[in-house]
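Below is one structure, written out as structure tokens, with a few remarks after it.
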Amino acid sequence: MFTLHLLLLAVPPGILAIHSEYPYERDHPHSYFKDFPCPNAEDIAPCTCTYLEDESVMDMECKHLADEQELYEVFQAAMPDPNFRRLELVTKNIGTLSYYIFGNATFEEVVTNVVVPGTTSHVGPKTFINSLSTLRVLLLYKNELTENDFPFDTLSQYTALRHLSFYNNHISVFPSIESSTLKDLDMGNNPYREIPAGALDNLPNLEYFWADATHTDSMATGIFASLPHLKSISMAVSHLGNLNSLQFEVNSNSMELIDLPFNGIASIEENTFKGVTSGIIALEDNLITLLPENSWRPLVEAGVVLKLKGNDLLCGCDVAWLVLEPSFHGLVEDATCQDGEKLVDLDPTYFENNC
Ligand SMILES: *[C@@H]1O[C@H](CO)[C@@H](O)[C@H](O)[C@H]1NC(C)=O
């Protein structure tokens with residue numbers, strides 16, 4: 001599990017999330033023409049445009065740009081069709097993405113810095129204004145955006161927006177975001193310390209929330225309770241510490257994963273995960289010592305899988321209820337006691353006689 005988590009963290013979580021729906025590794029060796037409706041190649045260098053005939057879409061890729069001016073000039077080229085599917089942009093040498101920088105172009109997907117970190121430190125309120133009705137995916141990975149450098153208050157106007165990522169930026173205050181269409185929000189790897197009450201209340205279609213590797217040590221209760229379609233909460237390697245009642249309350253029947261490894265969690269109050277009736281709660285590599293029946297039986301009875309490897313379970317009488325019920329063992333299979341023995345291998349007669 002340890003290696004798996006490191007692996008997952010090495011890849012921006014948003015990429016994993018959208019990968020099935022919008023594969024980036026496309027393999028169409030014979031299907032594309034590089035010309036019509038793309039602009040002339042020499043007019044847009046160093047960007048390149050690819051027309052995928054099968055899907056009738058045009059993708060633009062821009063790397064090795066010298067500065068903002070060069071990007072601006074690319075989109076001043078004559079364009080037979082300014083409606084692109086994807087813009088993939090490496091923003092090294094680009095600080096501000098301002099109004100007009102993309103000319104009259106529209107995009108469905110804008111992806112920055114999939115591999116190399118970029119330098120974008122400001123996005124203007126109208127930068128993507130031509131794409132209000134087309135933009136489905138906006139992934140501003142690995143830039144230098146703070147909470148003041150992106151027009152969060154304009155997001156509600158993007159009527160097709162599904163996937164939004166600020167993974168690995170410099171956001172130190174969790175922004176207020178409103179969108180009736182957004183499904184996938186990645187706020188991971190940013191230095192904010194608090195997720196305030198109501199932070200996700202205006203995202204009624206949210207399914208995936210990613211906030212891995214942040215400095216979050218304070219999270220209001222009920223953040224997730226307003227999300228009927230929620231499937232996944234991922235907050236690995238943050239600073240949550242002890243969990244309080246209702247902090248992860250959900251009102252969704254679609255839960256697949258609540259991922260909280262490496263959070264310094266020692267204690268978890270009753271009803272912390274109220275409403276969770278499916279999926280996995282992953283708590284590996286925390287500091288949990290006890291599994292009191294009041295807290296955990298409702299989850300296990302509903303069939304929720306608990307991942308508990310790498311904790312400090314004392315495996316005293318507090319786990320008797322688990323040890324003595326073989327039908328629960330499959331749900332706590334990796335739980336390991338302080339002395340290294342697996343919880344499911346403990347001798348039930350000891351617990352029958354002593355607890
Ligand atoms: C953008 O559209 C306007 C209005 O149609 C036009 O005047 C202008 O030349 C276009 N700009 C570019 C860069 O194509």
**Asked** If R0 is 22 Å, what FRET efficiency do you get for Glu61 and Asn40 from their C-beta distance, rounded to 0.05?
**Response** 0.90
**Request:** Mind listing the long-range amide H neighbours of Ser218? Cut-off is under 5 Å, sequence gap 5 or more, other chains count too, H placed in the peptide plane at 1.01 Å from N.
**Result:** Ile195
**Message:** Per-residue counts of other Cβ atoms within 10 Å, averaged by peptide: what ranking do you get for 147-160, 311-324, highest first?
**Reply:** 311-324, 147-160
**Prompt:** Can you work out the FRET efficiency for the pair Thr96 and Asp312, with r the C-beta to C-beta distance and R0 = 35 Å, to the nearest 0.05?
**Reply:** 0.10
**Message:** For region 183-270, report the % of Cα-Cα distances exceeding 18 Å.
**Reply:** 37 percent
**Request:** Pop a pseudo-label 7 angstrom from the Cα along the beta-carbon direction at both Gln157 and Asp217 and give the gap in nm to one decimal.
**Result:** 3.9 nm
**Prompt:** Normalised by the number of residues in region 141-284, what is the relative contact order in percent for Cα pairs under 8 Å and 6+ residues apart?
**Reply:** 16 percent
**Spin-label model distance (nm) - Ala78 vs His229, 7 Å beyond Cα toward Cβ** = 4.3 nm
**Prompt:** Which whole-number percent gives the relative contact order of the chain, counting Cα pairs below 8 Å spaced six or more residues apart?
**Reply:** 8 percent
**Prompt:** Ranked highest first by the average count of other Cβ atoms within 10 Å around their residues, in what order do 208-214, 52-58, 281-287 fall?
**Reply:** 208-214, 281-287, 52-58
**Fill in**
Rounded to two decimals, the Debye log10 I(q)/I(0) of region 120-222 (Cα scatterers, no solvent) at q = 0.16, 0.23 Å⁻¹ is -0.65, -1.39
**Item:** At q = 0.12, 0.17 Å⁻¹, base-10 log of I(q)/I(0) for region 165-315 (Debye sum, equal scatterers on each alpha carbon)
**Value:** -0.46, -0.94
**Request:** Starting from the Cα of Glu70, step 7 Å along the direction of its Cβ; do the same at Thr181; then give the gap between the two resulting points in nm.
**Result:** 3.3 nm
**Fill in**
Going residue by residue through region 296-309, the Karplus relation 6.51 cos²θ - 1.76 cosθ + 1.60 with θ = phi - 60° gives ³J(HN,Hα) values, rounded to whole Hz and with x marking Gly or Pro, of 9, 4, x, 6, 5, 4, 6, x, 6, 7, 10, 9, 10, 4
**Fill in**
Here region 121-137 yields Karplus 3J(HN,Hα) values (6.51, -1.76, 1.60; θ = phi - 60°; whole Hz; Gly and Pro given as x) of 10, 7, 10, x, x, 10, 3, 10, 5, 5, 9, 3, 9, 10, 5, 9, 10
**Message:** Give me the 1.4 Å probe accessible area per residue for the chain, excluding ligands and nucleic acids, in Å².
**Reply:** 44 Å²
**Request:** Enumerate the calculated ³J(HN,Hα) couplings along region 273-290 in order (Karplus 6.51 cos²θ - 1.76 cosθ + 1.60, θ = phi - 60°), each rounded to whole Hz, writing x wherever the residue is Gly or Pro.
**Result:** 9, 3, x, 7, 10, 7, x, 10, 10, 9, 10, 4, 6, 10, 10, 6, 10, 10
**His239, His329, ranked by accessible area, largest first (probe 1.4 Å)** = His239, His329
**Fill in**
Per residue, the convex hull enclosing the alpha carbons of region 37-124 has a volume in Å³ of 86 Å³
**Item:** Viscosity 0.890 mPa s, 25 °C: Kirkwood-radius Stokes-Einstein D of the chain over Cα pairs, µm²/s
**Value:** 111 µm²/s
**Prompt:** So who's got an amide H within less than 5 Å of the one on Val110, skipping anything under 5 residues away but keeping other chains? H placed 1.01 Å off N, in plane.
**Reply:** Leu87, Val137, Leu138, Leu139
**Prompt:** Hey, if we sort His170, His122, His64 by accessible area with the 1.4 Å probe, largest down, what's the order?
**Reply:** His64, His170, His122
**Message:** At 1.4 Å probe size, what's the solvent-accessible area of Lys142? Round to the nearest 10 Å².
**Reply:** 30 Å²
**Message:** Helix-only mean residue ellipticity at 222 nm, the chain, DSSP H runs n ≥ 4 weighted -39,500 (n - 2.57), per residue, nearest 500. What is it?
**Reply:** -3500 deg cm²/dmol
**Request:** Rank by packing, highest mean first: peptides 183-190, 334-341, 219-226, with packing defined as the count of other Cβ atoms within 10 Å averaged across residues.
**Result:** 183-190, 219-226, 334-341
**Fill in**
Other residues with Cβ under 13 Å from the Cβ of Met255 give, with Lys and Arg +1 and Asp and Glu -1, a net charge of -2
**Prompt:** How big is the accessible area of Arg297 in square angstrom, nearest 10, if you roll a 1.4 angstrom probe over the protein chains?
**Reply:** 70 Å²
**Prompt:** Using the beta-carbon distance between Glu269 and Ser133 and R0 = 45 Å, what value does 1/(1 + (r/R0)^6) give for FRET efficiency, to the nearest 0.05?
**Reply:** 0.50
**Message:** Need the full-extension length gain, Thr146 to Ser327, defined as separation in residues times 0.36 nm minus the C-alpha distance. One decimal, nm.
**Reply:** 60.3 nm
**Request:** Please give the solvent-accessible surface of Val111 in Å², to the nearest 10, using a probe radius of 1.4 Å with every protein chain present.
**Result:** 0 Å²
**Prompt:** At q = 0.12, 0.22 Å⁻¹, what log₁₀ I(q)/I(0) does a Debye calculation on the Cα points of region 238-333 give, no solvent, two decimals?
**Reply:** -0.33, -1.24
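The values are calculated or read from the model by the stated rules, or taken from the named source; none is laboratory data. Note that the structure is predicted; figures quoted are calculated from it, not measured. Note that we place each Cβ from the backbone using ideal geometry, even for glycine, and neighbour counts take in every protein chain shown. Side chains included, ligands, DNA and RNA excluded: accessible areas come from the protein's heavy atoms. Shrake-Rupley method; radii C 1.70, N 1.55, O 1.52, S 1.80 Å.
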